[in-house]
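S.K.: Would you mind keeping the following structure in view while I ask a few things?
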Amino acid sequence: MNIHYTFFQSRTNSEEGIINIYKSCYWLCKNKSFDNIILSMIVLSSLKLVIDTYIDDKVDYNTLSKNDRNFRELLDFLDMAFNGIFIFELLVKVIALGLVIDYESYLRDNWC
């Protein structure tokens, strides 16, 4: 017990920073607004996939009109943005909950 107390008293500034990152990620992970935002991103990403289904990828990019090119570029940008958002969610939840080993870790929880 005394060893743990000594360890916690002798933290450096970098250790405090890591603990603050963990606490921030845990708070964000347990925040209902964060869950609602991620759920809305899932719905929007699904709608984008529906739109992508009806766009013909075999058409030559150079033969498209300017509006069609802009629309396709917008879809590509949205694809990258959604990927970034979902990777951010993964990183926050893995930092806060762990990946596999802990009881409520990211891969063990049915609905994280």
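The values are calculated or read from the model by the stated rules, or taken from the named source; none is laboratory data. On a predicted model such as this, the values are computed, not experimentally measured, just so you know. FYI the Cβ positions are ideal-geometry reconstructions off the backbone, even for glycines, and counts take in every protein chain you see.
S.K.: Inside the stretch 32-44, can you point out the residues that are touching a Phe, Trp or Tyr at 6+ places or on another chain (Cβ under 8 Å) and free of Cβ contacts under 8 Å to residues at least 40 places away in the same chain?
M.R.: Correct list: LEU44 only.
S.K.: Write out, first by first residue and then by second, each pair whose Cβ atoms fall under 8 Å of each other, whose residues are 6+ apart or on separate chains, and whose first residue, in the stretch 75-102, is free of Cβ contacts under 8 Å to residues at least 60 places away in the same chain and loosely packed, with under 15 Cβ neighbours inside 10 Å while the second is of a type in the set (Phe, Trp, Tyr) and not in a helix (DSSP H, G or I).
M.R.: LEU90/TYR106; LEU99/TYR106; VAL100/TYR106
S.K.: Moving to a separate point now. Can you tell me which residues in the stretch 13-34 are among the β-branched types (Val, Ile, Thr) and either within 19 Å of the chain's Cα centre (by Cα) or under 10 Å from VAL92 (Cβ atoms) (or both)? Don't jump to the end; show me each part of the working.
M.R.: Initially, the stretch 13-34 is screened for residues among the β-branched types (Val, Ile, Thr), giving 18-19, 21.
Scanning the stretch 13-34 gives a single hit, ILE21.
S.K.: Condition (residue is of a type in the set (Lys, Arg) and either outside any helix (DSSP H, G or I) or at pLDDT 95 or above (or both)) applied to the stretch 41-58: is it met by at least one residue?
M.R.: For the stretch 41-58, residues of a type in the set (Lys, Arg) and either outside any helix (DSSP H, G or I) or at pLDDT 95 or above (or both): present.
S.K.: Another one. Which of (1) at pLDDT 90 or above; (2) of a type in the set (S, T, N, Q); (3) surrounded by 10 or more Cβ atoms within 10 Å (Cβ to Cβ) does SER33 not meet, given it meets every other one?
M.R.: (3)
S.K.: Which numbered condition in (1) within 15 Å of CYS25 (Cβ to Cβ); (2) assigned to a loop (DSSP other than H, G, I, E, B); (3) not small (Gly, Ala, Ser) is the only one that PHE88 fails?
M.R.: Going through the list (1) within 15 Å of CYS25 (Cβ to Cβ); (2) assigned to a loop (DSSP other than H, G, I, E, B); (3) not small (Gly, Ala, Ser), PHE88 breaks only (2).
S.K.: Does at least one position in the stretch 60-68 carry a residue that is modelled with pLDDT of 90 or more and either more than 30 Å from ILE18 (Cβ to Cβ) or in contact with a Pro (Cβ under 8 Å, 6 or more places away or on another chain) (or both)?
M.R.: No, every residue in the stretch 60-68 fails to be modelled with pLDDT of 90 or more and either more than 30 Å from ILE18 (Cβ to Cβ) or in contact with a Pro (Cβ under 8 Å, 6 or more places away or on another chain) (or both).
S.K.: Please list, ordered by first then second residue, the pairs with beta carbon atoms under 6 Å, 6 or more apart or interchain, first in the stretch 13-28 and within 17 Å of ILE87 (Cα to Cα) and in contact (Cβ under 8 Å) with a residue 24 or more places away in the chain, second in a helix (DSSP H, G or I) and not small (Gly, Ala, Ser).
M.R.: Close Cβ pairs (under 6 Å, with a partner that is in a helix (DSSP H, G or I) and not small (Gly, Ala, Ser)) amount to CYS25/VAL92; CYS25/ILE95; LEU28/PHE34; LEU28/VAL92.
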